[in-house]
Structure formats: structure tokens, C-alpha cells
Ligand SMILES: [Zn+2]
């Protein structure tokens, strides 16, 4: 199906333009370095030190595999890369003259002042490209009753008149009796087979040129402007174009999409680092590992997060209380449960006589590690 190669317009005695605008949104925050309402404190261990943060959601909760459905939103972006890839290198091939290439100039609006000159410009274009050009002028009144815009009318005109995809139709429209301020329009409609020759860039150059040419003077010189626009365009066509900047842009764009997608799905980024976090319960204290000296929060780990040494509450406190003595405290003393492992009998800590032992090995006193730390 033919498609628009672009268009334009203006008003008699002047012109105008319009702009698009975009919008942006923001994400909600669930993680912070500072406490906020509804948030609990968490800790994770990285590079030899504890990192604290606050969150009002459970950061350790494994995200649903459904999150990968999010990746679907990237499909349009990836699809947008495909035409980009086509633009990196373009080798135009002249269309074979196996269709009706008769040049059409159809001046229903009666605005073509130099048909011979226009015809020769169009002929040169056909010789170079194999694309049969057509210039059609109509009154605004012809289409405005039944069509929302000239593009739709030009499309219908193309498919009604050309059975192929090899034409380039330039349709111009102005009011039957234009007065100051009236609008004129024009639209290009190109067949699919012309895409390698009338590339987006070529069409853009042509469109800008034609818009400028038409806007000169108080009323547009239609045949002179279209003729000149073709004369300017034809010598630039059929050249092999290589645009490394598009390749470069594509790589950047693709890289950004992948990076963004990995972040969104939590494969990389802060959510992942938070996943190994542990909630800090009230009253927990920062203690030091006896093996490596690393600091961690009591009650958050079963082995040292840095060196893997087994965590013993007593051992940790020993570092702080009696560092010079090498001692081995056995397991029962860690617990407040007065259980004697050697005899199998329950004993009360108060009944154990350990007054001959070094301070760090005594049961009494070590039972209150918090006091020892202060
Ligand atoms: Zn350690």
C-alpha cells in the first residue's frame, strides 16, 4: 500500500507551525537511608561493612516471576530499532520499467503555469530512479466535504489510479478562489517499492525544500516550486548511503533498553542488593567478629557475613571484654537455659563455681553481654 512521504501547507500571505509535547512520571519510593513512616530498619553486608536502610516493603521477598511480563513493554522499543537498522546502509536500485510509467500532470486546480518545465523535471526524475512521478492539483472544496485531510484523499487517489507500488504522487490543494489567509495543502504519497530510493531522509529534504519554495511570495508558485524541488532532489538520489552514526545510536539505544529491562526486573540494581537484607530487630547491637574483626548486627546472621566464621554471642563479646586471653567458651554458656551438658542435669548458673576461671570464662557476668558491651 502506498504511504505518505510527508506533506505541508501554509496560508496565502503567511505560514504557521505546531509542536508536540511529552510528559513524564515518577516512581514511588520504598527504600531510604533514613527512617520514614511505616518503614522498618534492615541491614545487609557488603565490602566488609554493614549497610543500613529503611523500607516499608519486605525487601527480601523474592519477586514474582510474572515480573518478566514487564519485558513486554520493551517490545515496541525493540521494534523501533528495526527500521533504524535498515537506515544504516542503503543501496538504492532503479525500479525496472515494467509498468505504465506515463508521467501524470493533472491540473484540476488550474495552478500549473509552466507545464513543460515541470514535465521535464519529472522526466529527469523518472530516468534516474525508475519511479513514475505524478503531480495532481485539486481544489480544497473537492475533498474537504468527504475527507478529514488531504493525506487520506491522496491515498485514495493513488490506489484508484495506480495499480502498482512504483509511483510518487505529489498532490497540491488550494481553495477555488483563495483570499488572504486561506490555506493550501500538499501531500506526497509514495508506493512501497520506492522506499529504498525516496528514503525518509530524501523525502524530508524534499518536503522542507518544497515547503520553503511554496511559501515564497504572496501566493505559491506551484509548478515552479514542485519543478525546482524535483530538480534539487534528483541528483542526490541513487547514492549508496552509510550512516555509522545510526549504527552507533542503535547500539546505545539497545544497550539502554537492556540495562533498563534488567533494572526493572530486579536482575541488577538496588532491589537485588536489598534482597539479602535482614530486618534489624529492636535491641540488636553491632558486634565484632572474633575471626576477621568485621562488624555485624547481632541476631541478623548465623555465620560471619564476611569470613563465614560461626557466630557465637559469647565469642563476640569476648573481643570487647578480655581480648588478650585466648579462651574457649563452650556452648551451654551462651544460653540462659541452665543446662549442664556434661552431666545431663539442669543446673542453675548461680550454682556453678567458676571463680577460679579468668573473667571471660565465668558464667556470671557473661550472661549479661549487653552490660559488658557498655
Ligand atoms: Zn568474620
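Summary of values
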item: Residue in the stretch 135-152 that is more than 15 Å from residue 7 (Cβ to Cβ), in contact with a helix residue (DSSP H, G or I) (Cβ under 7 Å, 6 or more places away or on another chain) and buried (at least 16 other Cβ atoms within 10 Å of the Cβ) present; result: no
item: Close pairs (7 angstrom Cβ cut-off, 6 or more residues apart or separate chains): part of a strand (DSSP E or B) in the stretch 281-304, more than 14 Å from the ligand (Cβ to nearest atom) anywhere; result: 297/43; 297/280; 297/284
item: Which listed residue, of 294, 313, is in contact with a strand residue (DSSP E or B) (Cβ under 9 Å, 6 or more places away or on another chain), at pLDDT below 85 and within 16 Å of the ligand (Cβ to nearest atom); result: 313
item: Residue check, residue 201 assigned to a helix (DSSP H, G or I), in the same structural domain as residue 152 (by TED's automatic domain parsing) and either at pLDDT below 95 or more than 39 Å from the chain's Cα centre (by Cα) (or both); result: yes
item: Residue satisfying condition, being modelled with pLDDT under 85 and in contact with a helix residue (DSSP H, G or I) (Cβ under 6 Å, 6 or more places away or on another chain), within set 299, 269, 250, 283; result: 269
item: Single match in 123, 115 (criterion: without any contact (Cβ under 8 Å) to a residue 60 or more places away in the chain and under 22 Å from residue 229 (Cα atoms)); result: 123
item: Residues satisfying the stated conditions in the stretch 272-287, i.e. crowded, with 18+ Cβ neighbours inside 10 Å and either farther than 11 Å from residue 45 by Cα or more than 34 Å from the chain's Cα centre (by Cα) (or both); result: 280, 287
item: Criterion violated by residue 238 - all others in (1) exposed (fewer than 15 other Cβ atoms within 10 Å of the Cβ); (2) assigned to a loop (DSSP other than H, G, I, E, B) satisfied; result: (1)
item: Number of the condition not met by residue 156 [criteria: (1) under 41 Å from the mean Cα position of the chain (by Cα); (2) surrounded by 15 or more Cβ atoms within 10 Å (Cβ to Cβ)]; result: (2)
item: Residue within the stretch 145-152 that is without any contact (Cβ under 8 Å) to a residue 60 or more places away in the chain, in a helix (DSSP H, G or I) and under 41 Å from the mean Cα position of the chain (by Cα) present; result: yes
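The values are calculated or read from the model by the stated rules, or taken from the named source; none is laboratory data. Small disclaimer: the values here were computed from a predicted structure and weren't measured. Neighbour counts run over all protein chains shown; Cβ positions are idealised from the backbone, glycine included.
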